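Enquirer: Once you've had a glance at the structure underneath, I'll fire off some questions.
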Amino acid sequence: NAGVTQTPKFQVLKTGQSMTLQCAQDMNHNSMYWYRQDPGMGLRLIYYSASEGTTDKGEVPNGYNVSRLNKREFSLRLESAAPSQTSVYFCASSVGLGQQDEQYFGPGTRLTVT
Amino acid sequence: AQTVTQSQPEMSVQEAETVTLSCTYDTSESNYYLFWYKQPPSRQMILVIRQEAYKQQNATENRFSVNFQKAAKSFSLKISDSQLGDTAMYFCAFTSRDDKIIFGKGTRLHILP
């Protein structure tokens, strides 16, 4: 099993450009998540998908959109990148919400917006 | 709303010493799960230990153990015989019925040789 995979690992964008971060899991998990991590801020939830076909906003959804393409894949799109979106982005998955099962994390994407 | 607080942004201890990381949380739920995750410099997040709220016995995983005080809403992580490889960010996390997991802001732990 590859677990949770993310692409790309690194990305540099200019202000106003768009891009999509890809995430896939091969553990047959129902729930998937997108976080951003900034120094001193911990992990902040951007969007999550409790199950295939559903998505919900997290703590910091502004400037982002998501698509739960199928059970395996959950993408994060930045329509018009801003320097404030410079961060490390993590995708994660779990069996479901509110359960004792752990979340599995991808390796992260380091995004710089200039 | 549920909250998770880690009051120690950064800690340093000598190798082989014991260190305790603090975590408090707030919830009105009676049953929930608590976790400690480790994020080493490689950035990959991994689960260290988990605790179910209705289990009174503290969870233990090798050198890692927790002190779970349900009434005080406290969930601290103890690392015994600390090793250089324990250097990492540690995140306390909480989840309850049908809800998403909530993370604290993390404690950066340095193990000194």
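Bear in mind that the values in this text are calculations on the coordinates, not laboratory data. On a predicted model such as this, the values are computed, not experimentally measured, just so you know. As a convention, Cβ positions derive from the backbone with ideal geometry for all residues, glycine included, and neighbour counts pool all protein chains shown.
Enquirer: Take the alpha carbon atoms of region A:63-114, find their center, do the same for region B:80-110, and report the distance between the two centers in whole angstrom.
Expert: Between the Cα centre of region A:63-114 and that of region B:80-110, the gap is 19 Å.
Enquirer: Once phi is turned into ³J(HN,Hα) by the Karplus curve 6.51 cos²θ - 1.76 cosθ + 1.60 with θ = phi - 60°, what whole-Hz value does each residue of region B:92-104 show in order, with x for glycine and proline?
Expert: Taking θ as phi minus 60°, the curve returns 8, 9, 9, 8, 9, 2, 6, 10, 6, 6, 10, 9, x Hz for region B:92-104.
Enquirer: Along each of the three principal axes of the Cα atoms of the protein assembly as shown, give the extent in whole Å, ordering the values from largest to smallest.
Expert: Rounded to whole Å, the extents work out to 48, 40, 34 Å.
Enquirer: May I ask you to evaluate 6.51 cos²θ - 1.76 cosθ + 1.60, the Karplus curve with θ = phi - 60°, for each residue of region B:59-68 and list the ³J(HN,Hα) values in order in whole Hz, giving x for glycine and proline?
Expert: 6, 9, 9, 6, 7, 9, 9, 10, 10, 9
Enquirer: I would also like to ask the following. Round to the nearest 0.05 the FRET efficiency obtained for A:Thr114 and A:Glu59 when R0 = 25 Å and r is the Cβ-Cβ distance. All intermediate terms of the calculation are to be shown ahead of the outcome.
Expert: Numbers: r = 25 Å, r/R0 = 1.01.
Computed FRET efficiency for A:Thr114 and A:Glu59 comes out at 0.50.
Enquirer: Please say if region A:1-47 is rounded, prolate or oblate, where rounded means a/c under 1.5 for a ≥ b ≥ c the square roots of the C-alpha gyration tensor eigenvalues, and otherwise the choice is prolate for a/b larger than b/c and oblate otherwise?
Expert: Details: a/c = 2.16, a/b = 1.40, b/c = 1.55.
Oblate, since a/c reaches 1.5 and b/c is not below a/b.
Enquirer: Where the only charges are on Cβ atoms (+1 Lys, Arg; -1 Asp, Glu), what is the dipole of chain B about its Cα centre, to the nearest 20 debye?
Expert: Computed charge dipole of chain B: roughly 180 debye.
Enquirer: Same structure, new question: Under unit Cβ charges (Lys, Arg +1; Asp, Glu -1), what dipole magnitude, rounded to 20 debye, does chain A have relative to its Cα centre? Each step should come with its number before you reach the end.
Expert: On the way: 10 positive and 9 negative charges, 70 e Å.
My answer is approximately 340 debye.
Enquirer: Now for a different question. Using the Karplus curve 6.51 cos²θ - 1.76 cosθ + 1.60 with θ = phi - 60°, what ³J(HN,Hα) values do you get for each residue of region A:105-114, in whole Hz, with x for Gly and Pro?
Expert: Rounded to whole hertz, the list is 10, x, x, x, 10, 8, 10, 10, 10, 9.
Enquirer: Next up: So who's got an amide H within less than 5 Å of the one on B:Thr87, skipping anything under 5 residues away but keeping other chains? H placed 1.01 Å off N, in plane.
Expert: B:Ile111
Enquirer: Testing the spin-label approximation: label points 7 Å from Cα along Cα→Cβ at A:Ala2 and A:Met19. State their distance in nm.
Expert: Each label point lies 7 Å from its Cα, and together they span 1.9 nm.
Enquirer: Using the Kirkwood formula on the Cα atoms of chain A, what hydrodynamic radius do you get, in angstrom to one decimal?
Expert: Numbers: mean 1/r = 0.0717 Å⁻¹.
One decimal place: 13.9 Å for the Kirkwood radius.
Enquirer: Given the alpha-carbon gyration tensor of region B:36-87, what are the semi-axes of its equivalent ellipsoid in whole angstrom, ordered largest first, with each equal to the square root of 5 times an eigenvalue?
Expert: Details: eigenvalues 101, 30, 16 Å².
Taking √(5λ) for each Cα gyration eigenvalue gives 22, 12, 9 Å.
Enquirer: If you wrap chain B's Cα atoms in a convex hull and average its projection over all directions, what's the area in nm²?
Expert: Values: hull surface 26.9 nm².
Computed as one quarter of the Cα hull surface, the answer is 6.7 nm².
Enquirer: Based on alpha-carbon centroids, what's the gap between region A:14-51 and region B:24-51 in Å, whole number please?
Expert: Centre-to-centre (Cα) distance: 18 Å.
Enquirer: Using the charge dipole of the protein assembly as shown (Lys, Arg: +1 at Cβ; Asp, Glu: -1 at Cβ; taken about the Cα centre), state which of B:Leu112, A:Tyr35, B:Thr24 has its Cα farthest towards the positive end.
Expert: Towards the positive end, the residue furthest out is A:Tyr35.
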